[in-house]
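Enquirer: Okay, here's the structure, questions in a sec.
Derivation of every value follows stated rules applied to the coordinates shown; laboratory data play no part. Worth saying up front: this structure is predicted, and the values here are computed from it rather than measured. Note that we place each Cβ from the backbone using ideal geometry, even for glycine, and neighbour counts take in every protein chain shown.
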Amino acid sequence: MTRQLPNYIDGRWAPATATDHLPVHNPATAELLAHVPLSGTAEVNAATEAASRALPAWRRTPAGERIQYLFKMKQILEANMEAIARTITQECGKTIAEARAEMTRAIENVEVACGIPKMMQGDFSEDVASGIDEIMIRQPVGVCAAVVPFNFPGMIAFWFLPYALATGNTYIVKPSEKVPQTMHLLFELFHEQLGLPAGVLNLVHGGKTAVDGLLQHPDVRAISFVGSTPVAKYIYSEGAKYGKRVQAQGGAKNPIIVLPDADMEMTTRIAADSAFGCAGQRCLAASLAITVGEARHTFTEAMADVASSRVVGYGLDEAVQMGTVIDKANQLRIEQLIQQGANEGATVLVDGRSPHIAGYENGAFVRPTLLHNVNPAGQIARMEIFGPVLSMLHVNTIEEAIAYVNSGQYGNMACLFTSSGAAARQFRYEAEAGNIGINIGVAAPMAHFPFSGWKDSFFGTMHGQSNHAVEFFTQTKVVVERWPREWSRQF
Ligand code: NAD
């Protein structure tokens with residue numbers, strides 16, 4: 001019988017009481033892997049109550065002791081990297097190398113959060129008025145939760161979780177119902193080896209009902225969300241309605257600008273990795289290439305070669321360079337969008353639709369696709385496709401290119417390829433995006449920098465990772481004190 005995934009609540013596996021389940025398939029082989037429960041309010045309430053009960057003791061545990069669990073967590077993740085990466089590939093479809101890289105980024109966040117004792121240190125000012133001192137201390141927010149998407153089943157929860165725990169909060173993770181097994185495996189490892197006090201870290205599977213349960217529960221004080229923009233907006237406004245802190249990362253349409261003076265060999269290689277890595281299902285995937293002047297010809301020709309020669313197949317095969325998209329429904333959706341691009345006037349220069357991958361005939365594959373001369377006023381040049389499709393359009397000046405970038409809805413990432421320092425500075429200064437790449441195709445910030453995002457790519461103030469996470473997961477308390485000298489006893 002296919003395994004039914006349980007929730008993990010109060011330090012125990014809790015068989016889900018939900019009657020609704022979804023199947024989880026391997027998107028390359030179509031094998032049925034598991035069933036994930038669509039948990040209801042009762043399970044969310046149980047997890048929240050467990051996290052609330054665990055909070056007072058966890059909060060009183062010194063930060064230096066709390067981070068000992070993170071040191072151990074890092075060891076557990078490293079020791080089990082291969083099993084975790086295989087699970088990611090099996091349920092998400094990316095290559096095994098991409099899955100390993102994903103977990104490396106997760107571990108990096110655990111490492112940075114080990115610096116919390118210093119990062120959450122307060123402030124002290126003596127004699128703000130005569131004999132009066134002022135102290136600012138940071139205290140945990142309370143029970144916090146993460147709602148995460150399918151495209152990085154192991155990494156994204158770690159943009160938040162280690163910081164939340166290290167700052168003294170208790171936590172609930174709600175993974176994507178499309179890829180629930182990776183988080184299940186991580187919780188199995190933590191259950192067996194980490195030894196966190198019961199209730200500090202909980203796992204609730206499900207979809208909208210579970211998320212609404214978290215949004216509406218008065219004891220959930222903060223929610224970190226990563227996913228599509230419509231849902232991010234919903235989480236942000238609902239969270240505000242229920243008085244919560246919210247950080248909500250949304251979708252993207254990431255442009256890269258290629259100037260004629262760019263190193264074309266390097267640019268093409270990097271741009272292809274950005275557009276087709278993780279089958280384009282990366283929030284920092286290049287989705288629109290804007291070539292300036294003469295770059296139009298050189299870049300287009302080189303990209304056509306790279307796109308058509310990429311090795312596509314099952315991600316567990318080490319030779320494969322690009323795996324599947326998440327499921328058949330998304331394969332179909334992406335193929336329809338390629339057609340829409342053509343209908344809007346683009347040429348399908350490299351067509352990745354309906355590929356035949358020997359041995360994986362039922363897999364959800366789309367090969368790398370290039371839409372050349374997309375209509376700048378059409379939808380395809382603007383909307384997130386979230387698949388291995390690079391749209392290309394051509395302009396005459398860098399000013400035109402930047403203006404086009406800045407007129408878009410999203411602001412997750414924008415990149416420039418050039419050998420001109422002045423052009424790079426102009427771009428860095430003017431481009432409206434939270435992550436900027438200069439001769440970089442995936443401008444993913446290291447864990448000690450915030451994962452920024454602008455416009456419809458982010459709703460909130462404090463981002464994930466870094467000292468932003470410390471701000472998000474702590475509330476400041478300012479104490480103004482007067483201790484008159486005449487009150488001191490003579491010792
Ligand atoms: P999604 O928005 O469909 O789902 C994300 C999470 O929200 C899941 O856990 C899902 O169960 C939950 N959810 C879905 N619909 C909901 C609803 N109506 N109400 C409440 N909760 C709901 O996103 P996805 O398809 O899993 O992931 C792909 C999207 O995530 C893309 O748009 C991508 O750009 C975005 N993403 C953004 C970043 C970033 O850093 N900005 C990173 C990764 C992915």
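Enquirer: Nearest 500 deg cm²/dmol is fine: what mean residue ellipticity at 222 nm does the chain get from its DSSP H runs of n ≥ 4 alone, each adding -39,500 (n - 2.57), divided by its residue count?
Expert: -11500 deg cm²/dmol, from helical runs alone.
Enquirer: Zone of Ala63 (label point 7 Å along Cα→Cβ, backbone N under 11 Å): which residues in the range 462-489?
Expert: Inside the label zone: 470-471, 474.
Enquirer: Name the long-range amide H neighbours of Asn202: under 5 Å, sequence gap of 5 or more, or other chain; modelled H, no Pro or chain starts.
Expert: Tyr171, Ile172, Val173
Enquirer: Return the FRET efficiency for the residue pair Asn406, Thr19: r is the Cβ-Cβ distance, R0 is 41 Å, and the value is rounded to the nearest 0.05.
Expert: According to the calculation, E is roughly 0.25.
Enquirer: Let me know the volume per residue of the alpha-carbon convex hull for the range 254-438, in Å³.
Expert: So the per-residue Cα hull volume is 105 Å³.
Enquirer: Explain nothing, just the number: relative contact order of the range 254-438, from Cα pairs under 8 Å at least 6 residues apart, as a whole percent.
Expert: 28 percent
Enquirer: Excluding same-chain residues fewer than 8 positions from Lys72, which lysines have a Cα within less than 22 Å of its Cα?
Expert: Lys118
Enquirer: Please compare each pair in Lys174/Lys455; Lys208/Lys233; Lys328/Lys455 to a cut-off of 20 Å on the Cα-Cα distance and tell me which ones are over it.
Expert: Lys174/Lys455; Lys328/Lys455
Enquirer: In what sequence do Met119, Met303, Met264 fall when counting other Cβ within 10 Å, fewest first?
Expert: Listed from fewest to most nearby Cβ atoms, that is Met264, Met119, Met303.
Enquirer: Continuing with the same structure: Once all Cα-Cα distances of the range 219-280 are split into 5 Å bins that start at 0, what whole-number percent is in each one?
Expert: That works out to 4, 15, 17, 13, 10, 9, 10, 9, 6, 4, 1, 0, in percent per bin.
Enquirer: For the chain, just run the numbers: alpha carbon Rg, then divide by 2.2 N^0.38 Å, N being how many residues it has.
Expert: Compared with the compact-globule rule of thumb, the chain sits at 1.04.
Enquirer: Can you tell me how much longer the chain between Leu332 and Phe71 gets when fully stretched, taken as 0.36 nm per residue apart minus their C-alpha distance, in nm with one decimal?
Expert: My answer for the length gained is 89.6 nm.
Enquirer: Once the piece of chain linking Asn343 and Ser420 is laid out straight, how much longer is it, given 0.36 nm per residue of separation minus the C-alpha distance between them?
Expert: Full extension of this stretch gives 24.1 nm more.
Enquirer: Moving on to the next point. Where the convex hull is taken over the Cα atoms of the range 424-491, what is its projected area averaged over directions, in nm²?
Expert: Taking the Cα atoms of the range 424-491, their convex hull projects to 9.1 nm² on average.
Enquirer: Provide the net charge surrounding Gly239, with neighbours chosen by a C-beta distance below 15 Å and charges set as Lys +1, Arg +1, Asp -1, Glu -1.
Expert: Combined, the nearby Lys, Arg, Asp and Glu give +4.
Enquirer: Oh, and also: Taking 30 Å as R0, compute the FRET efficiency from the Cβ-Cβ separation of Asn45 and Lys233 and round it to 0.05.
Expert: 0.70
Enquirer: I would also like to ask the following. For Lys244, go through the aspartates and glutamates and keep the ones whose alpha-carbon is under 15 Å away, minus same-chain ones fewer than eight residues off.
Expert: Asp212, Asp219, Glu471
Enquirer: Apply 1/(1 + (r/R0)^6) to the Cβ-Cβ distance of Ile135 and Ala83, taking R0 = 41 Å, and write down the FRET efficiency to the nearest 0.05.
Expert: 0.30
Enquirer: Hey, what D do you get for the range 17-126 in µm²/s if you plug the Kirkwood alpha-carbon radius into Stokes-Einstein at 37 °C and 0.692 mPa s?
Expert: The Stokes-Einstein estimate is 188 µm²/s.
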